[in-house]
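Single-structure report; data block below.
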Amino acid sequence: MTIDGFSWEGIDDVLLDMDGTLLDRHFDNFFFEEELPRRYAAIHRLAFEDARDRLMMMYRSVEGELAWTDLHYWTERVGIDVVALHKELDHMIGFLPGAEEFLHELRRLGKRVTIVTNAHEAGVAVKTAKTGLDRYVDRIVDAFEVGYLKMREEYWPACRRLIGFDPERSLYVDDDEHCLSAARQFGIGQIFHSAKSSSQLPPAPSASFASVERLSHLVHGR
């Protein structure tokens, strides 16, 4: 038994978000909110604030669609090689505290572990090359393989057909409450919110879902 009476005995599959749950979202926040606007401003001779406002509008225009996380799409739209820039800044990519320990414990418990991420495969490749994350899990499934982002209601039935899991005997952890809501509506048995998505931001517990600041709390308690 662990926090709030949660038991691993009823879990076969562990479905984990990547950015903000296993990996430090500080990289993504810095990349899309600071570094990419800075590069865009230099190319277009804009003030940084104007460039960032313009990019934020671009992001919002495709939010919820696959293009939102498609690095090739953004390369074409902003005229900057976004994948190459990911590689240039890969020194900022790393695990959140407690994440590696948690993954080791899942191996010990004999659970099947799948990363379900909205990220584009090019970004996944950069992050796994840097962290070795793929060696800890059974499979990484990106949203483009499923055909939808995780906050869409169509995602979970398609993901289940792809992976083959029993929703009632599955655990899902994510820092995005829209994704968690879609999973709850589908019937995922155990759902937790990752409250500490970035090393540079304070914890932000959910009002709608049980939250953990470290994944290791799920195996060792608080």
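Just so you know, all these numbers are worked out from the coordinates, no wet-lab data involved. It should be emphasised that the depicted structure is a prediction, and the values quoted were computed from it without experimental measurement. Quick reminder, even Gly has a Cβ in these numbers, built from the backbone with ideal geometry, and neighbours come from all protein chains shown.
Matching residues to (1) more than 16 Å from the chain's Cα centre (by Cα); (2) crowded, with 17+ Cβ neighbours inside 10 Å:
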{"site": "Asp70", "(1), (2)": "no, yes"}
{"site": "Val82", "(1), (2)": "yes, yes"}
{"site": "Glu100", "(1), (2)": "no, yes"}
{"site": "Leu109", "(1), (2)": "yes, no"}
{"site": "Asp138", "(1), (2)": "yes, no"}
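Search segment 159-201 for residues being outside any helix (DSSP H, G or I) and of a type in the set (Phe, Trp, Tyr), and hand back the single one that is surrounded by the fewest Cβ atoms within 10 Å (Cβ to Cβ). Write out each step before concluding.
Taking segment 159-201 first, the residues outside any helix (DSSP H, G or I) are 164-166, 170-176, 187-201.
This time we only want the ones that are of a type in the set (Phe, Trp, Tyr), so: 165, 172, 192.
Working: Phe165: 18, Tyr172: 26, Phe192: 22.
The selected residue is Phe165.
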